[in-house]
Amino acid sequence: MSAATTRSRTPDRLCAEAVDLARAAAEEAAAPGVVGEHAGFESEGDRVVTHFFECKEFGYRGWRWAVTVARASRAKLVTLDEVVLLPGPDSLLAPEWVPWSERLRPGDMGPGDLLPTDAEDLRLEPGYTGEDEPPPNSAVSEEMAELVEAEDAEVTAGTPATLPMAPTRGSIASVAEELGIRRARVLSRYGLHVAADRWEDGFGSKTPMAQAAPAACVSCGFLVAIGGSLGQAFGVCANEFSPADGHVVSLSYGCGGHSEAAIMPKPPQPPAPVIDETMVDPFPLRPAADSGSVLVGVDEDSAELGHS
């Protein structure tokens with residue numbers, strides 16, 4: 001160990017004693033009343049010392065005001081170097097910064113947000129080569145490719161096997177555009193597997209809803225089939241009362257809204273009332289004398305009332 005290294009680790013006496021100078025600088029930089037007790041000092045180099053003061057600012061628990069003082073060679077005057085607020089060993093720090101591409105989660109994107117994809121995204125792969133050169137087995141030579149749409153284009157004599165270039169009608173890019181597949185990139189097998197795993201976790205056979213369902217979506221009338229290789233395992237739910245309405249669901253998923261889950265029985269219909277409208281039931285205007293409603297031996301005037 002050299003002598004210079006030994007001197008740098010030994011704090012300068014005058015700089016170490018400049019506590020009042022360091023406190024005054026910290027109080028000038030900070031708000032009133034937030035500079036606490038002196039928490040020690042450290043030697044930063046030859047005649048350079050940093051003094052630490054506790055921070056009483058709310059929200060900065062464990063932070064310290066660090067005031068660095070220095071002294072020139074053979075000088076007796078200690079000068080101020082810098083004043084900063086630094087975290088201590090037990091301070092409350094913000095979590096480590098994570099790039100947006102790693103902290104973004106499904107559902108975070110709102111209206112108007114743009115989500116650019118990385119050029120090396122493993123979920124995507126080139127959709128077409130984009131090469132305009134005719135392949136080796138094309139039907140038109142390189143010179144004839146420029147005249148393929150002209151009415152007076154001359155066809156090269158000879159069979160395709162004898163032609164120097166492959167016979168083709170137009171470029172690969174134009175054919176891809178005509179077929180509707182002219183996309184710069186398409187899903188790779190990795191991208192397909194990642195999407196399938198995500199959909200299976202959300203609306204798959206292992207979810208509690210599917211475990212309690214009376215039947216799977218593969219036999220549901222509300223399932224809308226999708227094309228491509230994913231159509232062999234997934235579909236789109238079109239039942240507005242289902243929790244998966246408008247979502248891609250696994251064919252093994254299910255819910256209580258299955259189209260064939262329950263056939264509602266028809267409500268019982270009471271028999272039609274029997275009304276005989278061809279007969280008339282006679283009702284006497286006065287009760288019979290032996291019916292018990294009229295006392296025997298009553299005069300004619302009271303009998304007219306019909307009751308005693």
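Each reported figure results from applying straightforward, stated rules to the coordinates on display, with no laboratory input. All of these numbers come straight from a predicted model, not from anything done at the bench. Note that we place each Cβ from the backbone using ideal geometry, even for glycine, and neighbour counts take in every protein chain shown.
What the table shows:
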{"item": "Descending semi-axes in whole angstrom, ellipsoid equivalent of region 31-121, from the Cα gyration tensor", "result": "43, 19, 11"}
{"item": "Candidates per GluC sites (Glu not before Pro) in region 200-282, loop by DSSP, up to 14 other Cβ within 10 Å", "result": "GLU240, GLU260, GLU277"}
{"item": "11 Å reach of a label modelled at VAL186, 7 Å along Cα-to-Cβ, counting backbone N of region 208-250", "result": "228-229"}
{"item": "Contour minus Cα-Cα distance for MET209 and PHE58 (0.36 nm per residue)", "result": "49.6 nm"}
{"item": "Label zone at ASP46, where the point sits 7 Å out along the Cα-to-Cβ direction: region 74-110 residues whose backbone N lies under 17 Å", "result": "74-76"}
{"item": "Pair VAL98, THR278: separation of 7 Å Cα→Cβ label points (nm)", "result": "8.8 nm"}
